[in-house]
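Some notes on the structure that comes next.
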Amino acid sequence: MTQIKNDLICEIIRKSQTRFLEKKGWAGDHSEACEQSVMEWVKNNAQGYRDHYKHQLEACSTGELSDILKCLNQSDKHLNDILNKAPAFVEK
């Protein structure tokens, strides 16, 4: 895999994971309880989330990855909505 493709995959996953956490309501709340909830989610789910989507994204071309990143940046869609028919990530 080229460095550009790897970088695109990492950025797509970072953007998607951030949006996922925002949709859980953890974006604007900076309380200690909220930060603890985010840390707990990261501890239990972040690696699985990355692995789940990385495997699917590796099958895409660099051009397709660029289009996916553009779509994530210009919409409120979740990565699962963009990857049509991809199995959704299941949290622990």
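The values are calculated or read from the model by the stated rules, or taken from the named source; none is laboratory data. What you see is a predicted model, and the numbers here were worked out from it, not measured in a lab. Backbone-built Cβ (ideal geometry, glycine too); neighbour counts: all protein chains shown.
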- request: Give me a count of the residues in region 71-92 that are surrounded by 11 or more Cβ atoms within 10 Å (Cβ to Cβ), modelled with pLDDT of 85 or more and more than 12 Å from the chain's Cα centre (by Cα).
  value: 2
query: Looking at region 1-38, which of the residues that are among the aliphatic types (A, V, I, L, M) and modelled with pLDDT of 90 or more is surrounded by the most Cβ atoms within 10 Å (Cβ to Cβ)?
result: I12
query: In the chain, which helices (runs of 4 or more DSSP H) lie fully inside it and hold 2 or more residues that are in contact (Cβ under 8 Å) with a residue 60 or more places away in the chain?
result: 3-21, 62-74
field: Considering residues of region 30-59 that are under 22 Å from N73 (Cα atoms) and of a type in the set (D, E, K, R) only, the residue farthest from the chain's Cα centre (by Cα)
entry: E58
statement: Flagged in region 1-25 as over 14 Å from the mean Cα position of the chain (by Cα) and hydrophobic (A, V, I, L, M, F, W, C), in numbering order, are M1, I4
